[in-house]
Amino acid sequence: MTTTPTITFYGGIGTIGGTKIAIEEDGYRVIFDFGPTYSPSEDLIGGKIHARSGAAGLRDLITLGFTPALDGIYRPGAAESMGLAPARGEKTQVFISHLHLDHMGLLHLLGDDVPVWMHHDALRLFRAVAATGEEPAVPVGTRGFAWGQVIEVGPIKVTPVAVDHDIPGASALLIETSAGTVVYTGDLRKHGPNPELIDQFVDAARAAGPRILLIEGTRLGEAEFYPDRKPTLPEQAVAGRFVELLQGCEGLALTTLYPRNPLRVVNLAKAVPDVGRVMALAPEMAYVYAEMGGDLADVLIYLRSRDRDALAAGMAPGWLNGLIGRGAKTVDCEAIQADQSRYLLQLFYWDLPELVDIRPKAGSLFIHSNGEPLGRFDPAYELLMRWLELFKIPFTSVPSTGHASEEDLLSIIKGIAPEILMPIHSKTPERMDVAGQARVMPEMGGVYEIATGKKIG
Ligand SMILES: [Zn+2]
Ligand SMILES: [Zn+2]
């Protein structure tokens, strides 16, 4: 018996992130992206409440709606405790478009024999963030792909294509079934350093004659929901804007960045010497930067009090010893305190108590640039503000998002010209409206026939 190829939506509907979609044909299944929806002001897990470890963690995350109750993917033991069949070989394979948490933060739940695919650069980044403890270990079944490589999962063929997003290795997927091709954009932008990748992706997607286009819509309705949000800069303009701000800064310059965007660190490290400063990075940030090809000669590593204690006691983790062993130069709170106008210091917000020893002087400045806490919707944002108020440090932001504008999204849809448009990864998917373009609004849990786009379950 042959069954019609289907597409099923387990996440990413009416939310930003959390995309979990399955394409199935003849007992084979491709699942793409596997992260939780990110909503720190609403989630039941956050702050000091974590999902439990082991099998209990899977029960927590399924019961609270972070991950779907699916047979054949989760760790043996944990799966059965929810009445599910455990992972069973290679008939199900998981593809990760990029390494943002809302696309991969549930991978640790998968059984060891489930193949997990991502671009080689995304895998390199994954190993780096896992080494510093920012992520659980890289799953045993993880494999790197190259763009253009065709990966066969039974009768389903998956071809990853490069896109521009604010993270290395970002990929779209062309997924071919016997009933037609589904194109999944992952997350993407046209204002990054490689807009030509978007043009090439649009051409490749159109040439595949796609039946269905699944496209992210993060910024649809942005002006209405976030009227006070600063306009996004092109990625390549961020460092120049920092330099302008630093020209008028007489004290310490502090910033918060996202470790998974090493390109921004590279650009800043190369730009700030123009205004007589050097970039100092928290050790975890420096490690990821170096692992992704950043030059340690361009930065300093800021050793927090706990790093100094660990190094002095011979208890520092291997990755930190290795980093220092590579000849990285370090700086500490006394050196920064003594000569504040020489540094652009990147601190994670949980390291703000370092300011007690650094004692930022009048004329210091804090520049938020897409680091954590990401925005006002995160309760930690108020905490950051209270620390800055205590030290009388003015706050400003230099944002560059990884997501395309509404206008760019619509031009991408017109360029690809799918038979059926299915908007995802958006709070307002109904705004994704192109005249003359057939559209189906996927429902959470809905099963659709790929041949027709009709809901059949
Ligand atoms: Zn996303
Ligand atoms: Zn993303």
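The values are calculated or read from the model by the stated rules, or taken from the named source; none is laboratory data. All values derive from a computational prediction rather than experimental measurement. Cβ placement follows ideal geometry from the backbone for every residue including glycine, while neighbour counts extend to all protein chains displayed.
Is one or more of the residues making up the stretch 409-418 at pLDDT 95 or above, polar (S, T, N, Q), farther than 30 Å from Ala128 by Cβ and surrounded by 14 or more Cβ atoms within 10 Å (Cβ to Cβ)? Yes, some residue in the stretch 409-418 is at pLDDT 95 or above, polar (S, T, N, Q), farther than 30 Å from Ala128 by Cβ and surrounded by 14 or more Cβ atoms within 10 Å (Cβ to Cβ).
Regarding Thr396, is this residue touching a strand residue (DSSP E or B) at 6+ places or on another chain (Cβ under 6 Å) and surrounded by fewer than 18 Cβ atoms within 10 Å (Cβ to Cβ)? For Thr396, the condition - touching a strand residue (DSSP E or B) at 6+ places or on another chain (Cβ under 6 Å) and surrounded by fewer than 18 Cβ atoms within 10 Å (Cβ to Cβ) - is met. The residues on offer are Ala122, Ala69, Ala128, and the sole one that is assigned by TED's automatic domain parsing to the domain that holds Thr159, crowded, with 17+ Cβ neighbours inside 10 Å and away from ligand 2 (no atom under 16 Å from the Cβ) is Ala128.
Restricting the first member to the stretch 415-428 and to residues that are closer than 16 Å to Gly446 by Cβ, and the second to residues that are of a type outside the set (Asp, Glu) and in a strand (DSSP E or B), the beta-carbon pairs closer than 6 Å and six or more apart or on different chains are Ile420/Ile212; Leu421/Leu213; Leu421/Arg439; Met422/Ile212; Met422/Leu214; Ile424/Leu214.
Within the stretch 320-345, the set of residues being under 23 Å from Tyr258 (Cβ atoms), modelled with pLDDT of 95 or more and buried (at least 19 other Cβ atoms within 10 Å of the Cβ) comprises Leu320, Leu323, Val331, Ile336, Tyr343, Leu344, Leu345. Take the conditions (1) surrounded by fewer than 24 Cβ atoms within 10 Å (Cβ to Cβ); (2) within 16 Å of ligand 2 (Cβ to nearest atom); Ser178 misses just one of them, which is (2).
Sub-8 Å Cβ pairs linking a first residue in the stretch 60-83 that is touching a residue at least 60 places away in the same chain (Cβ under 8 Å) to a second residue that is not hydrophobic (A, V, I, L, M, F, W, C), at least 6 apart or interchain, are Leu70/Tyr10, ordered by first then second residue. Can you tell me which residue within the stretch 138-185, out of those that are in contact with a Leu (Cβ under 9 Å, 6 or more places away or on another chain) and small (Gly, Ala, Ser), is farthest from Ile424 (Cα to Cα)? The residue in question is Gly141. When the stretch 20-57 is filtered for residues that are within 15 Å of ligand 1 (Cβ to nearest atom), surrounded by fewer than 16 Cβ atoms within 10 Å (Cβ to Cβ) and among the β-branched types (Val, Ile, Thr), nothing remains. Note on the stretch 78-100: among residues that are at pLDDT below 95 and at negative phi, the one that is farthest from ligand 2 (Cβ to nearest atom) is Arg88. Report, by residue number, each residue of the stretch 391-410 that is free of Cβ contacts under 8 Å to residues at least 40 places away in the same chain and out of contact with any helix residue (DSSP H, G or I) (no Cβ under 8 Å at 6 or more places or on another chain). Correct list: Lys392, Glu407, Leu410. When the stretch 389-447 is limited to residues that are among the basic types (Lys, Arg) and touching a Ser or Thr at 6+ places or on another chain (Cβ under 9 Å), the one that is nearest to ligand 1 (Cβ to nearest atom) turns out to be Lys427. Restricting attention to the stretch 158-209, the residues that are aromatic (Phe, Trp, Tyr) and not in a strand (DSSP E or B) total 1.
Selection of the stretch 353-375 for residues being closer than 29 Å to Tyr226 by Cβ and of a type in the set (A, V, I, L, M) yields Leu355, Leu365, Ile367, Leu374.
The number of residues in the stretch 1-19 being buried (at least 24 other Cβ atoms within 10 Å of the Cβ) and within 16 Å of ligand 2 (Cβ to nearest atom) comes to 4. Selection within the stretch 20-43: residues that are more than 14 Å from Leu107 (Cα to Cα), assigned to a loop (DSSP other than H, G, I, E, B) and not charged (D, E, K, R). The member of this set that is nearest to ligand 2 (Cβ to nearest atom) is Tyr38. Applying the criterion of at least 2 residues that are within 16 Å of ligand 2 (Cβ to nearest atom), aliphatic (A, V, I, L, M) and within 25 Å of Ala223 (Cβ to Cβ) to the helices (runs of 4 or more DSSP H) found wholly in the stretch 353-457 leaves 406-416.
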